[in-house]
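Undergrad: Would you mind keeping the following structure in view while I ask a few things?
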Amino acid sequence: PVLPQVPALLGPGVPAAGVLVVGNKVDLLPADGPGHLGRLRRSVAAACAGAGRRGRAPGDIRLVSAKTGYGMEGLVSRLQRSWRCAGDVYLLGATNSGKSTLFNTLLRSDYCKSRAPDVVDRATVSPWPGTTLNLLKFPIINPTCDRIFRRQERLKEEAAKTEDELSSEEKQYLNHLKKQGYLVGRVGRTFQQQKPSTVVEFDPDALSYSIDEDPVHSPKKSEKREEFTHNEVKDARWCFDTPGIVKEDCVVQFILQVLNLLTEKEVKLVLPTVAIVPRTFILKPGMTLFLAALGRVDYLQGEKPAWFSVVASNMLPVHITTLSNADAIYEKHAGQELLKVPMGGEERMREFPPLVPQDITLKGIGTTEAVADIKLSSAGWVAVTAHAEEELLLRAYTPKGTALVVREPPLLPYISTIRGARIAGTAAYRTKKPPSFVENLKTTGSR
């Protein structure tokens, strides 16, 4: 989400050059075709314009994954090149947008003074909204000409490596990241703090005991916490992690997210933490798609079948049924294992807001390109692909008080093509997970 209240928070004194928009968690979305990152960037730019950030050039937008490191080295270079050490930097954004993970990644990068990771506390990373309660900060390194040159030399050297040239530890960590996301990067450090050699202290008397005596262990001395010296920070600029902004604004009717209605256990199922595997279904008129018990799409009228691709956490179940059975399915299985979220049976559903409908009319543009996304609040979205000029009447449902948005054009228009063979006797296609891409690493065997 791009928050409408961000311009007001920045105030009139912040110059345009002082604002950088970062689209995080890009690692979760599969590449649906060539140029998908360009489409994502344009979508972010359009959302910024709609939220009052008009006039921002596309160069002010960076797509990154703070978790897997994708785009982070480029972000550091961009910050050092444009902002240098001209002032403090604040990470602003909605709850669950990944600011704390971004802060932690910058903390261990060339953006931070080399000794800071040993002194500064890391931000708490949690799926629960509002876990960042204090302003954590680290001192920004001054990007002198010498430091910029040495950093560029390191990046060139690392980009020339192949995966076979990495150490076993680096390979293991890289494979772990590949399982987490589609886009992966490596975040290194050019400037390392030299640590003093460890001095082993021992008590010779403690080593001289008879066979009848047990060794006496000296109590461990409490380790003294490192702190910055006055000279290290007297002229420092700082990078701050801020508490997440709750997405509500009466003026623009920015309605509550689904996440605000869920328990912590339910939030962990709804928020995707690994690469999303798209799930595509072919529906005829008179059929219904449930995304857990958090969203529902009815295909009411149309001449031909259409494709519905679900982009949401892999932990959320999708259930297909007929329109005539849909109400009974929801009544019987909401709060139960079949629909999974919410969980807690009838008692949980008594306090959960009912699903409310909104009719949607779409016109197809072709069997390989989605016409629109139906965003079911923060539960995810359903991309709808239909035959050219085919008119569809749909009815989508989200819990009362949450946002349902029709996004045109869709974020990943060719998402329905990422699928396996049709599963016989069902409306579903087999899932297909695209391969991961590692940034700044030569393909094995390339010249």
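Undergrad: I need the peptides 394-401, 321-328 ranked by packing, meaning the mean over residues of other C-beta atoms within 10 angstrom, with the highest value on top.
TA: Put in order of decreasing packing, that is 394-401, 321-328.
Undergrad: What do you reckon, how do E346, E158, E369 stack up by accessible area (1.4 Å probe), largest on top?
TA: So the residues, ranked largest to smallest area, are E346, E369, E158.
Undergrad: While we're here: With label points built 7 Å along Cα→Cβ from the Cα atoms of K304 and K400, find their separation and express it in nm.
TA: 4.0
Undergrad: How many nm separate the modelled label positions at K161 and L338, each set 7 Å beyond the Cα in the direction of the Cβ?
TA: 5.2
Undergrad: List, in order, the whole-Hz ³J(HN,Hα) value for each residue of the range 168-180 obtained from phi through the Karplus relation with A = 6.51, B = -1.76, C = 1.60 and θ = phi - 60°; use x for Gly and Pro.
TA: 4, 5, 5, 4, 4, 5, 5, 5, 4, 5, 4, 6, 7
Undergrad: On the Cα set of the range 386-442, report Rg and Dmax in Å, please.
TA: Using the Cα atoms of the range 386-442, the pair Rg, Dmax is 16.9, 50 Å.
Undergrad: What per residue convex hull volume, in Å³, do the alpha-carbon atoms of the range 265-434 yield?
TA: That works out to 106 Å³ per residue.
Undergrad: Over the Cα atoms of the range 299-379, compute the convex hull volume and normalise it per residue, giving Å³.
TA: Given the Cα convex hull of the range 299-379, per-residue volume reads 121 Å³.
Undergrad: If r is the Cβ-Cβ distance from S114 to K442 and R0 is 30 Å, what FRET efficiency results, to the nearest 0.05?
TA: About 0.60, to the nearest 0.05.
Undergrad: In addition: Hey, can you rank 352-363, 84-95, 408-419, 161-172 by average C-beta count inside 10 Å, highest first?
TA: Most protected by this proxy first, the peptides run 408-419, 84-95, 352-363, 161-172.
Undergrad: Kindly state, to the nearest 0.05, the FRET efficiency for A421 paired with V233, given R0 = 51 Å and r defined as their beta-carbon distance.
TA: 0.25
Undergrad: Out of residues 5 or more away from V14 or on other chains, whose amide H comes under 5 Å of its own, with H placed 1.01 Å from N in the peptide plane?
TA: none
Undergrad: Right, something else. Quickly rank 309-315, 70-76, 261-267 as a protection proxy: mean count of other C-beta atoms within 10 Å, highest first.
TA: 70-76, 309-315, 261-267
Undergrad: Set the Förster radius R0 to 35 Å, insert the Cβ-Cβ distance between E153 and D88 as r into 1/(1 + (r/R0)^6), and round the FRET efficiency to 0.05.
TA: The calculated FRET efficiency here is 0.75.
Undergrad: Which cross-chain or sequence-distant (5 or more) residues have an amide H under 5 Å from the amide H of R62, H modelled 1.01 Å from N in plane?
TA: Under 5 Å from the amide H of R62: V21, V22, G23.
Undergrad: What's the extension gain from N260 to Y173 if we count 0.36 nm per residue and subtract their Cα-Cα distance?
TA: Gain in length upon complete extension: 28.0 nm.
Undergrad: List the residues whose amide H sits under 5 Å from the amide H of V356, counting only those 5 or more places along or on another chain, with H placed 1.01 Å from N in the peptide plane.
TA: T398, K400
Undergrad: Subtract the Cα-Cα distance of A8 and E408 from 0.36 nm times their separation in residues, and report this length gain in nm to one decimal.
TA: Additional length available on full extension: 141.3 nm.
The values are calculated or read from the model by the stated rules, or taken from the named source; none is laboratory data. This structure is a prediction, so every number in the text was calculated from the model and none was measured. Note that we place each Cβ from the backbone using ideal geometry, even for glycine, and neighbour counts take in every protein chain shown. We work out accessible area using only protein heavy atoms, side chains counted, and drop any ligands, DNA or RNA first. Shrake-Rupley method; radii C 1.70, N 1.55, O 1.52, S 1.80 Å.
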